[in-house]
Structure formats: C-alpha cells, structure tokens
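To keep things clear, I will list the structure first and then write my remarks on it.
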Amino acid sequence: MSPRKIIIDTDPGQDDAVAILLALGSPEDVDVLGITAVAGNVPLDLTQKNARIVCELAGRPDIRVFAGCDHPLGRPLVTAEHVHGKSGLDGPDLPDPVMPLQDMHGVDFIIETLRTHEAGTVTLCALGPLTNLATALQRAPDIAQRVQQIILMGGAYFEVGNITPAAEFNIYVDPEAADVVFKSGIDIVVLPLDVTHKALVTAPRNDAFRDLGNPVGAAVADMTDFFERFDKEKYGATAAPLHDPCVLAYLISPYIFTGRFINVEIETGSELTMGMTVADWWRVTDRAPNATFIGDLDAEAFFDLLTERLARL
Ligand code: BDR
Ligand code: CA
C-alpha cells in the first residue's frame, strides 16, 4: 500500500514534536505533504518556529512549514506555557531553524492541497486547536468532501478536562472551530484524553528513547523529562502522557487502538462547560454518530512502534 498523504496541523509543543518525528520516521506509511502551524500551546510565532526546529532535528529541512491562524475564531488565545515552557519546546537544547517558513498562509495551503489532489486521498492530522481546519472549511466548503479523514487529538469523556474541569485544551482553546469540524460530515477519528492518558512515558520507556544513541532519541528524552514534571505535580502521575503521537500511531497502526463510532457534540454555549466534548459513549441518544471516539490502546505496542520509528531518524 502506498503511504497515506497527510497534512500535520500542529502547535508544537513537545508531544506535537514527537508526533512529527513519528511521521517523519515512517515514510513507508506516511507522506507528509506539509505542516501547518496554529496558535495553541504557545503563540503562532513560536509554534511555526518549533515545527521547523523539529523538521531540522529529523534531518528533513525539505518539509514545507506554513503559518496558519494566530488566534481562535471568536475569542482570545489561551496558551499552555505552564505545561510546555516559555518556548513551547522547553527541555532539549535545539538550534534555531535555518529552513525557511513558507510564504503561503497555512489555511490556503490546506485548501489548495485538497483541491489539487484526487478527492479522498489527503488526511488531516490535527494536533492542536482546530482553528486552521475550521477556517479552511468555512472559506472553502467544497473541500469537506475531498478530505479522506481527519484524525485529531482532542476532547475527553471519562477523563473530562485538563484545562477546565470539563474541557480538554485543544477543544477549549477554540470550541467554535471544533464545532465546525465535528459538524462537517467528514470521517473523523478522535484521540481523547481517555486514551492518551494511557500512553505514559514511564522511566524505562524514556530510557529506551535516550538509549537510541541518536540526537532525536536524546531530544525526545529531554522533552519528556521537562513536561512530565507538570503531570507529576498536578495529577500525582508516575509518568507523562504522550498525547499527540497517538494520532500518528493510529494512522500507522490502527489495530493498536479500540473505540466506538458515536455522536460527539461540542459545548459552545455554557461558560461552565465551554469546550466540553459531549460524547454519547453509551449511545443514550438518537443523535447520529459522527466520529470514531477512541477509548483504549495497547501501550506496549504503541511505544514499540514509536521507539522503532525514532531509531531511524
Ligand atoms: C493537548 O494539548 C496540548 O497541550 C498538547 O500538545 C496536546 O495536543 C492535550 O490536551
Ligand atoms: Ca498539541
């Protein structure tokens, strides 16, 4: 089977960085057409820069990186330096990128790519707030039927919230954008906190990254060392979750994951529960299913895959 053509929409972020590295270490499975940065974990000027830092770390300065939207559709940007550090990529000591940022706006790149490729052959992997995707869908509604699939990290049902008691960060930052995406009719796969909180980088797993002996392994281990302090302090967790790489792992090895095809709606009206993913996991309504909502993964298989692919870079 030929590799899946993808656009990675992202707000790096250490876990976004690992997701990008997983993609770039998997050329037989994934053809990265471009990376579009969005404001999220840190402002856009940092997320687009971090995306380029990661491409250079992977030895892939040829990957095209585009800057997309610098703020959510209808509200001020909320960021997460408390998790990811001031740069968004705190931990490893990585050089500033030399590769250029593309001139085209990220949203224009998404629209143009979907219009110029055969319909049903381009998948969107979303690792941050959904502002770029929603803007593209609003500006060019014709692209909805051209998208093969959207695979996104966001939301939660059993784990509920990590930025408010009710909401996960990516959805909370731009709930109106998430609402547009979930109502688009596109085939959507959701990797919520319910599953990403089971992808824990334990000490032996982080040692395995460091023991790879390449710059990528050392950088990933340093990133984990940095952001795990947050989960340890906040949740008393023994290890940090690797959220965004679950999106790429699902694309490469979907059999590692299990979930349900259910109805998922986004709360956009209540301040108390703003950005909540109201997931009908128990199918207690007759609302039409619109997303495959993942609930579990084989964590050993996930880390085996990730470690093997990072070893190649
Ligand atoms: C999500 O929020 C960000 O902090 C991470 O990069 C991930 O995409 C987890 O809630
Ligand atoms: Ca992210």
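The values are calculated or read from the model by the stated rules, or taken from the named source; none is laboratory data. Just so it is clear, the structure is predicted and the values come from calculations on it, not from any experiment. Quick reminder, even Gly has a Cβ in these numbers, built from the backbone with ideal geometry, and neighbours come from all protein chains shown. Surface areas here come from the heavy atoms of the whole protein model, side chains and all, with no ligands, DNA or RNA. Shrake-Rupley method; radii C 1.70, N 1.55, O 1.52, S 1.80 Å.
Could you work out the equivalent-ellipsoid semi-axes for the range 225-281, taking the square root of 5 times each eigenvalue of the Cα gyration tensor, largest first, in whole Å? Intermediate values should be presented prior to the final figure.
Numbers: eigenvalues 125, 96, 18 Å².
Computed over the range 225-281, the values are 25, 22, 10 Å.
Counting each pair of different Cα atoms once, what's the Kirkwood radius of the range 1-159 in Å, rounded to one decimal?
In the range 1-159 this quantity evaluates to 15.7 Å.
I'd like the distance separating the alpha-carbon centroids of the range 261-313 and the range 11-69, in whole Å.
Centre-to-centre distance over Cα atoms comes out at 22 Å.
Let me know the longest stretch in the chain that avoids all GluC sites (Glu not before Pro) found in a DSSP loop with at most 15 other C-beta atoms within 10 Å.
No qualifying site falls inside 119-270, the longest such stretch.
How much length, in nm to one decimal, is gained on full extension between Ala288 and Asp211, taken as 0.36 nm per residue of separation minus their Cα-Cα distance?
23.0 nm
How high is the relative contact order of the chain, in percent, counting Cα pairs under 8 Å that sit 6 or more residues apart?
20
Take the range 63-140, compute every pairwise Cα distance, and split them into 5 Å bins from 0; I just need the percent in each bin.
3, 12, 18, 21, 20, 14, 8, 4, 0
Averaged over all directions, how much area does the convex hull of the C-alpha atoms of the chain cover when projected, in nm²?
14.5
Read phi for every residue in the range 113-130 and hand back ³J(HN,Hα) as whole Hz from Karplus 6.51 cos²θ - 1.76 cosθ + 1.60, θ = phi - 60°, with x for Gly and Pro.
Running phi through 6.51 cos²θ - 1.76 cosθ + 1.60 with θ = phi - 60° gives 5, 5, 7, 9, 9, 3, 4, x, 10, 10, 9, 9, 9, 10, 10, x, x, 8 Hz.
Cross-link candidates for Lys86: which lysines have Cα within less than 28 Å, leaving aside residues fewer than 8 places away along the same chain?
Result set, ordered by chain and number: Lys49, Lys198, Lys232, Lys234.
Could you give the nm distance between label points at Ala203 and Arg139, where each point is 7 Å from its Cα heading toward the beta carbon?
4.9
With a 1.4 Å probe and all protein chains kept in place, how do Tyr255, Tyr250 rank by accessible area, largest first?
Order by accessible area, largest first: Tyr255, Tyr250.
Over the chain, with every protein chain in place, what whole percent of the accessible area is carbon and sulfur at 1.4 Å, could you tell me? Mind showing how you got there, number by number?
Working: 6270 of 12060 Å².
On the chain, the fraction of accessible area on carbon and sulfur atoms equals 52 percent.
Have a look at Gly154, Gly185, Gly295 and tell me which one the Gaussian network model of the chain (Cα, springs below 10 Å) gives the largest fluctuation.
Comparing Gly154, Gly185, Gly295 in a Gaussian network model of the chain, the most mobile one is Gly185.
Pick out, in residue order, every one of the trypsin sites (Lys or Arg not before Pro) in the range 111-210 that is DSSP loop and has at most 15 other C-beta atoms within 10 Å; say none if there are none.
Lys183
If you take the beta carbon distance between Ser2 and Met104 as r and set R0 to 25 Å, what does 1/(1 + (r/R0)^6) give as a FRET efficiency, to the nearest 0.05?
After rounding, the FRET efficiency stands at 0.45.
Roughly what % of DSSP beta bridges within the range 4-310 run antiparallel, to the nearest 5?
Once the DSSP bridges in the range 4-310 are tallied, antiparallel ones form about 30 percent.
For the range 83-206, compute the orientation-averaged projected area of the C-alpha convex hull (one quarter of its surface), in nm². Display every interim value, and only then the final one.
On the way: hull surface 40.2 nm².
Projected area, direction-averaged: 10.0 nm².
Residues of the chain: accessible area per residue at 1.4 Å, in Å²?
39
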